[in-house]
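What follows is one structure encoded as structure tokens, with my remarks underneath.
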Amino acid sequence: MSEFFSTVREPIAYEGPESDNPLAFRWYDADRMVGDRTMAEHLRMAVCYWHSFNWPGNDVFGEGTFDRPWLDPALDPMVAARAKMEAAFEFFEKLRIPYFCFHDHDVSPPGASFAQETANLMTLAEEMAGHMERTGVGLLWGTARLFGHPRFMAGAATNPDPAVFARAAAQVKNCLEVTHQLGGENYVLWGGREGYETLLNTDLGREFDQLGRFLTMVVEHKHAIGFTGTILLEPKPQEPTKHQYDYDSQTCYAFLQRYGLENEVKVNIEVNHATLSGHDFQHEIAVAAACGILGSVDANRGDDRLGWDTDQFPNSVEQMSLAVYEILRAGGFSTGGFNFDTKLRRMSTRREDLFHAHIGGMDTMARSLLVAHQMLSDGVLESYRSQRYQGWGTGLGSEILDGTGPGVSLASLHELVAAEELDPQPVSGRQEELENLVNRYIDRVR
Ligand code: XLS
Ligand code: NI
Ligand code: NI
């Protein structure tokens, strides 16, 4: 196919913060060392196939507005999938993004039968391997679309009909194997319809067990085929269902523990899902890190005034810096990365808009990385924090934690308080001072 993004002639280059070229990076300098890794190695950014190439720009009230010729229903589906793939890889290469992510049905038409669906996916995955090899773009993660077809309207693994569970399992087997073949680094399960619309017809306990069983089978198959990537759940509280079981990171952790999967499965945290669940993004990252299940991130942003998943491109360094800080504090990504699970606004109809959107997102992540890394390496927040908890490292604190000495029971603590008339004094949390400190880093980083 001829060039699709013909107004962008060259790969996007780094030109520095003073550049006014809208088609250049001002902060993302892939090979710049930040501590012991390059920016590219820290951020491991990915473009998502679905919003960027498979969505025509429709909404519940209106039709598609975008210029995406391969979405024309009159085209043969395999021809259309190939044209889409060419355009997608042209975009990845020109943007110089190291990774992408996909759902099975983004890259391959389902066809009329399951046999057809499987054959299409295997054929197109092989062609995709060729594009990956040619461009050097890697697969951050694959996932199966278990929420689009009407058969999944009442859930996939949590469907009242076991045949739907079986169909979903078969689809995941295909997609997990393709992800493995393509060298994917993770496999994601977002439970789009694993939840309920009304409790009047729902057996919650049964559905939890079905979901636990499904995930166990996915983990077993991962080991059976030798896939060494990470299996990730993607928490989201609702939308499309009224209530989704993978509500937030802490809920996912409890679920994983209940089914004995907490050492096998991690989470893929999405910014806009975090805010929908009533948390902020930094909170979700910090909880996942504290539970040892921080896997990967879907980078985007919501709208403060809207209660749904608007999937806008991240553009707040202030917000992102704090989240990246939590990620670095936890040791950084291993198999995970930042996937732009983001979509253009429906009026952004120029082909080139996809570049502007991603350049802004990538620059936001890069600048946030610089802020977070500087704060962490200067140790300023960490020294406040360790000072605040220093009592827990020795003496009474460690005796309580170890269950020794006066820390052995409520009764022994009662004795201690009575004998010594313990009367600890409140200590300032210094929140505003710390907030000002963070702002100084945001202002100064270069
Ligand atoms: C939807 C989810 C979805 C997953 C992949 O809200 O973010 O896009 O990331 O299935
Ligand atoms: Ni997502
Ligand atoms: Ni989402």
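The values are calculated or read from the model by the stated rules, or taken from the named source; none is laboratory data. Everything quoted here is computed from the prediction, not taken from an experiment. All Cβ positions, even for glycine, are placed from backbone atoms using ideal geometry, and neighbour counts span all protein chains on display.
Numbers for the structure displayed
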{"quantity": "Lone unmet requirement of (1) away from ligand 1 (no atom under 16 Å from the Cβ); (2) touching a strand residue (DSSP E or B) at 6+ places or on another chain (Cβ under 8 Å); (3) not aromatic (Phe, Trp, Tyr) for residue 280", "calculated": "(2)"}
{"quantity": "Failed condition for residue 318, given (1) within 16 Å of ligand 2 (Cβ to nearest atom); (2) in a helix (DSSP H, G or I)", "calculated": "(1)"}
{"quantity": "Any pair with Cβ under 9 angstrom, 6 or more apart, that starts in the range 423-442 at a residue that is touching a residue at least 40 places away in the same chain (Cβ under 8 Å) and ends at one that is surrounded by fewer than 10 Cβ atoms within 10 Å (Cβ to Cβ) and not in a helix (DSSP H, G or I)", "calculated": "none"}
{"quantity": "Test: residue in the range 162-178 that is in contact with a strand residue (DSSP E or B) (Cβ under 8 Å, 6 or more places away or on another chain), of a type in the set (S, T, N, Q) and either under 30 Å from residue 334 (Cα atoms) or not in a helix (DSSP H, G or I) (or both)", "calculated": "no"}
{"quantity": "Filter result (surrounded by fewer than 21 Cβ atoms within 10 Å (Cβ to Cβ) and assigned to a helix (DSSP H, G or I)) within the range 95-119", "calculated": "114, 115, 116, 117, 118, 119"}
{"quantity": "Single condition residue 303 does not satisfy, out of (1) touching a residue at least 24 places away in the same chain (Cβ under 8 Å); (2) under 23 Å from residue 359 (Cβ atoms); (3) within 16 Å of ligand 3 (Cβ to nearest atom)", "calculated": "(1)"}
{"quantity": "Close pairs (9 angstrom Cβ cut-off, 6 or more residues apart or separate chains): over 17 Å from residue 422 (Cβ atoms) in the range 392-408, part of a loop (DSSP other than H, G, I, E, B) anywhere", "calculated": "403/409"}
{"quantity": "Residue count, the range 402-434 (criterion: among the acidic types (Asp, Glu) and part of a loop (DSSP other than H, G, I, E, B))", "calculated": "2"}
{"quantity": "Residue under evaluation residue 84, criteria (1) touching a residue at least 40 places away in the same chain (Cβ under 8 Å); (2) of a type outside the set (Ser, Thr, Tyr); (3) not in a strand (DSSP E or B), criterion not met", "calculated": "(1)"}
{"quantity": "The range 200-255: number of residues that are within 16 Å of ligand 1 (Cβ to nearest atom), surrounded by 14 or more Cβ atoms within 10 Å (Cβ to Cβ), more than 19 Å from the chain's Cα centre (by Cα) and not in a helix (DSSP H, G or I)", "calculated": "2"}
{"quantity": "Residue 328 part of a helix (DSSP H, G or I) and either hydrophobic (A, V, I, L, M, F, W, C) or at pLDDT below 95 (or both)", "calculated": "yes"}
{"quantity": "The range 179-200 residues that are closer than 16 Å to residue 223 by Cβ, paired with ones that are basic (Lys, Arg) (beta carbon under 9 Å, 6 or more apart)", "calculated": "180/222; 186/266; 187/222"}
